[in-house]
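Asks: Let me give you the structure first, and then I'll get to my questions.
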Amino acid sequence: MRGVLTKKFRYNLLQFTFLKQRFHHSPCEPELTHLSSSLYMKILQLCIETEDLKQGCLIHSHIIRNGFDSNLHLSTKLIIFYVKFGETINARKVFDRMPERNVVSWTAQISGYAKNGHYQDALLVFSQMGRAGVRANQFTYGSVLRACTGLRCLERGMQIHGCIQKNRFIGNLFVQSALVDLHSKCGNMEDARYLFETMSERDVVSWNAVIGGYAAQDFNDDSFRMFYSMMGEGVTPDCFTLGSVLKASSRANNLIKVCQIHGIIIQLGFGSHIDLNGSLIDAYAKSEGMKSASALYKSMLKKDVISFTAIMTGYARKCSYSREALDLFKDMQHIFMEIDDVTFCTMLNVCADIASLSIGRQIHALAIKYKPSYDVATGNALVDMYAKSGEIEDATRAFYEMKEKNVISWTSLITGYGKHGYGHEAIALYKKMEYEGLKPNDITFLSLLFACSHSGLTGEGWECFNNMITKYNILPRAEHYSCMIDLFARGGQLEEAYNMICKMNIKPNSSLWGAILGACSIYGHMSLGEVAATHLLRMDPENSANYVVLAGIYAASGSWDKACRMRNLMEYRSLKKIPGYSIIQSTNKNMRRLQPN
């Protein structure tokens, strides 16, 4: 606090000096407007520190009026000032008007582009710098390597690596850390680790690069090992380090690790850090620690969108926490917290999972109110929510209202058509998808095969299956075979279904044999039903449904002794058929419910 007050005092003092020299003059004398370049530099630096863009722009105009716009150092400081606020266009205007430039000017412009995500522009300016004959320094190379990292362009980064070695900056800590970060984020962890091990000196940035790289590439154990090595060498981790190991913990689904890192966060004094709390909530939620995630969220004195989204997403993953997710969304509205696309998408997914059409419509209305032009993910969630709630017309309308669609959009509506028995509409949409130039994926074909299976479209399903393999080079998974076998079985082609099981290159699972057994029950094929049931009872002996279906097949064919033996086997193994149930919404508290025996 004292530092902030001192900074403000210095700023006010310089501003007073600036105004005094500008306006304190005799009525008969011209206005004194000239300040020294060093004072301008100090004022611009204070504008950067106090994040005052408006005052800095006024200083810039004053610099131009007083003829200092050609001053090398002032122009460089102006570039640094503008890029600090993301004003890269204004920074480039200052850069282009400079009559002369030094390595600091070039580096300031390159660094500004890289920090603000304009990576391609940073590389172009670096190329111009080389053509101008200006030799880069370690900060130039660090900035241009950041641009290569942002573009995930390892090839260009390797070229710059060669320039670094040629100019003897390879031993610089700043450059080495940037190189490690480049290789790790481009997925080249072997070279990243080699560069890290060859460093004679390492700081927290170097450790973060390799720990974060391992976490990003799902090498969770390596990420933990490097973290423990870092602590063993006496290097204190920062928020970026802890965020990376939390990501590794959540991906490894390791609740113990999350708890340990939580303890380290508290020991290091980062317990009230908002971003880290959001990462902690997310890690707990992904590691089966929803109670801890909920308790941490409730204990936060100041909540932000990140922490809210983390706990909301955690609730959404667990169907048993759907009510908590809806209550949390109401709380968010009460405190007027900003609602982003991720929140809307998460809430629509919750409504889809519990098939709550009324709440889903309300969320849709809020999305239109707050986000008139919502993103593709939210549009996909709307299609999915309406389809799962049985409103296929609304799902179709939401699909065609989307300004931009991806393969998930088309697949969501195809899935909706399939689940509601609109097989012909699903096939028509698939053909339109191909006409639009989109390439279907394995999930698209799974939805198509499901639609054909439930609509009796055997020929169309077989055509889709062949297109998937021959036209799109997609290898069928067990789920695809399951749909095809179900397709044949529902059509009464039991021998074809059985032959496909025998010929496929995947070991049959219970789903495949279950489809055969169900079809045998419908068409009364006892011998094949016995084959299917034999496999099912070996694979899943605790599933009572298999016993019941086989007993039904025996009873239908008049083999009462076999049916009785199957029922007795169920009793011997203490198996009971799980009764079916439905979920309904009702405002009638006195509704009568049937009690199971």
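The values are calculated or read from the model by the stated rules, or taken from the named source; none is laboratory data. As the structure is a prediction and not an experimental result, all values here were calculated from the model. So basically every Cβ, Gly included, is an ideal-geometry build from the backbone, and we count neighbours across all protein chains shown. Quick note on the areas: whole protein, heavy atoms, side chains included, nothing else; ligands and nucleic acids left out. Shrake-Rupley method; radii C 1.70, N 1.55, O 1.52, S 1.80 Å.
Asks: Out of all the residues in the stretch 522-548, which are among the hydroxyl-bearing types (Ser, Thr, Tyr) and open to solvent by 50 Å² or more (accessible area, probe 1.4 Å)?
Replies: 523, 527, 534
Asks: Among the helices (runs of 4 or more DSSP H) lying completely within the stretch 454-530, list those that include at least 1 residues that are under 24 Å from residue 415 (Cα atoms) and within 32 Å of the chain's Cα centre (by Cα).
Replies: Here the list reads 458-470, 478-490, 510-523.
Asks: Would you check if residue 100 is surrounded by fewer than 17 Cβ atoms within 10 Å (Cβ to Cβ), more than 22 Å from residue 205 (Cβ to Cβ) and at pLDDT below 95? Before the answer, list the steps.
Replies: On the way: surrounded by fewer than 17 Cβ atoms within 10 Å (Cβ to Cβ): yes; more than 22 Å from residue 205 (Cβ to Cβ): yes; at pLDDT below 95: yes.
Judged against the criteria, residue 100 is a match.
Asks: Kindly check whether there is at least one residue in the stretch 570-588 that is surrounded by 15 or more Cβ atoms within 10 Å (Cβ to Cβ), under 14 Å from residue 537 (Cβ atoms) and at pLDDT 80 or above.
Replies: Yes, there is a match, as at least one residue in the stretch 570-588 is surrounded by 15 or more Cβ atoms within 10 Å (Cβ to Cβ), under 14 Å from residue 537 (Cβ atoms) and at pLDDT 80 or above.
Asks: Same structure again: Going residue by residue through the stretch 443-460, is there one that turns out to be aromatic (Phe, Trp, Tyr) and open to solvent by less than 10 Å² (accessible area, probe 1.4 Å)?
Replies: The answer is yes, given that some residue of the stretch 443-460 is aromatic (Phe, Trp, Tyr) and open to solvent by less than 10 Å² (accessible area, probe 1.4 Å).
Asks: Within the stretch 549-558, which residues are hydroxyl-bearing (Ser, Thr, Tyr) and open to solvent by less than 30 Å² (accessible area, probe 1.4 Å)? Give the steps one after another, and end with the answer.
Replies: Filtering the stretch 549-558 for residues hydroxyl-bearing (Ser, Thr, Tyr) gives 554, 557.
Correct list: 554 only.
Asks: OK, next. Collect the residues in the stretch 385-417 that are outside any helix (DSSP H, G or I), open to solvent by 40 Å² or more (accessible area, probe 1.4 Å) and closer than 19 Å to residue 367 by Cα, keeping them in residue-number order.
Replies: Those that are outside any helix (DSSP H, G or I), open to solvent by 40 Å² or more (accessible area, probe 1.4 Å) and closer than 19 Å to residue 367 by Cα: 391, 403, 404, 405.
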